[in-house]
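Step one of this worksheet: look at the structure below.
The values are calculated or read from the model by the stated rules, or taken from the named source; none is laboratory data. Because the structure is predicted, anything quoted here is derived from the model rather than measured. Every residue, glycine as well, gets a Cβ built from its backbone with ideal geometry; the counts of neighbours run over all protein chains shown. Each accessible area value is taken on the protein alone, full model and side chains, heavy atoms only, with ligands, DNA and RNA left out. Shrake-Rupley method; radii C 1.70, N 1.55, O 1.52, S 1.80 Å.
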Amino acid sequence: MKHIGFNKPYLTGKEGHYIYQAVLSCKISGDGVFTKKCHEFFEKRFNFKKVLLTTSCTDALEMAAILLDIKPGDEVIVPAYTFVSTVNAFVLRGAKIVFADSSKENPNIDVAKLESLITPNTRAIVPVHYAGVACDMDAIAAIAKKHNLYVVEDAAQGIDSYYKGRPLGSLGEMAAFSFHETKNIISGEGGMLTINDEKFIARAEIIREKGTNRSAFFRGEIDKYGWVDIGSSFLPSDIIAAFLFAQAEELDSIQKKRKAIWQLYHDQLKEIESKGKIKLPFIPEYATNNAHMFYIVCKNLDERTKLIEHLKQVNVQAVFHYLSLHKSPFYASRYHGPDLPMTDYYADSLLRLPMYFELTAEDVQRVTGAINAFYKNR
Ligand SMILES: *Cc1c(COP(=O)(O)O)cnc(C)c1O
């Protein structure tokens, strides 16, 4: 029986060709021809005011934390059910982390409880669009406006997904995307920062270029460049951008295929959902589905562990996701906040099924067949 892994990076076929072009051009450091093509592509397609490719989403988040001048004592609200990078970026600046719980409907931040987390020291809210499904951004924006807070979207999983028709990544002051090989479009490692508030653009270019105004120099706006701010090397080689551009050009066909796979899963599992045996992804009216992920929510940890084992028997790799960050080895002793029951619930019960471009209808059938058999007598 063929092994069905959790993820398989998809190659469009043009990556090698574009990389070869980048290599031949002998301009393979950052901000070369392919980086510019990528910037233009994403700015045009999604109406982002400014796009800057980065070496990862992690780096884009670190840039955001620097740009917002987050300082020791500042408080930043982040979900506890997320990847470490969402939080690390602000921990690195000395911020006090205020963990928010997930909602009952899906792992996104529970906006009903958000306002109770705000203090005079709160500076920013960092919503994570889990599985590419938008958080309730109007509610978040209203709270941010009322308390004068910044919003940084962790849109790592959110490419080509929308909130009330507006692209994820265009809703906060800035947003971070990932092109890690587990995401919808990839460059191995890679990411981008999108900036929607003009006042951050000039400084973002500087921070990304080791604290120098080299970008302005190359545009001929100044006649020499130097050290003007803090910064680091956040820009990827043009070889990475060449790979990414090949993927970006195929975004529509990639999305079409992923959505078809997602729908198969949904159709084949909705019966056991209607019987109350599992929960399927909840996509609110205001959000779209970009088919980044297909997950189910089991009753509890024990049932999920048994299901993972059951799927392994038919050579299918299903994987759980985040562990509660407030209980992590690094953070547990620092955490003095309330229990976060929904975070723990998703940490214990959420299970991600194989999801990638080359997954066939037969593959999906094998996965859902095994899941349906598992729940037959439960
Ligand atoms: C993948 C991911 C990241 C990290 O992306 P990298 O590009 O690997 O740094 C951050 N946040 C979320 C929610 C992610 O899914």
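Taken over the stretch 319-360, residues that are part of a helix (DSSP H, G or I), within 30 Å of Met1 (Cα to Cα) and open to solvent by 50 Å² or more (accessible area, probe 1.4 Å) amount to 1. Against the list (1) part of a helix (DSSP H, G or I); (2) over 20 Å from Val111 (Cβ atoms), the condition Ile143 fails is (2). The single residue among Lys279, Lys256, Lys299, Lys270 that is open to solvent by 60 Å² or more (accessible area, probe 1.4 Å), under 24 Å from Asn108 (Cβ atoms) and free of Cβ contacts under 8 Å to residues at least 12 places away in the same chain turns out to be Lys270.
Residue check: Ala287 meets all listed conditions (1) of a type outside the set (Phe, Trp, Tyr); (2) touching a helix residue (DSSP H, G or I) at 6+ places or on another chain (Cβ under 7 Å); (3) open to solvent by less than 40 Å² (accessible area, probe 1.4 Å); (4) touching a residue at least 40 places away in the same chain (Cβ under 8 Å) but one, namely (2). Evaluate the following for Ala64: is it on the phi < 0 side of the Ramachandran plot, in contact (Cβ under 8 Å) with a residue 24 or more places away in the chain and within 16 Å of the ligand (Cβ to nearest atom)? For Ala64, the condition - on the phi < 0 side of the Ramachandran plot, in contact (Cβ under 8 Å) with a residue 24 or more places away in the chain and within 16 Å of the ligand (Cβ to nearest atom) - is met.
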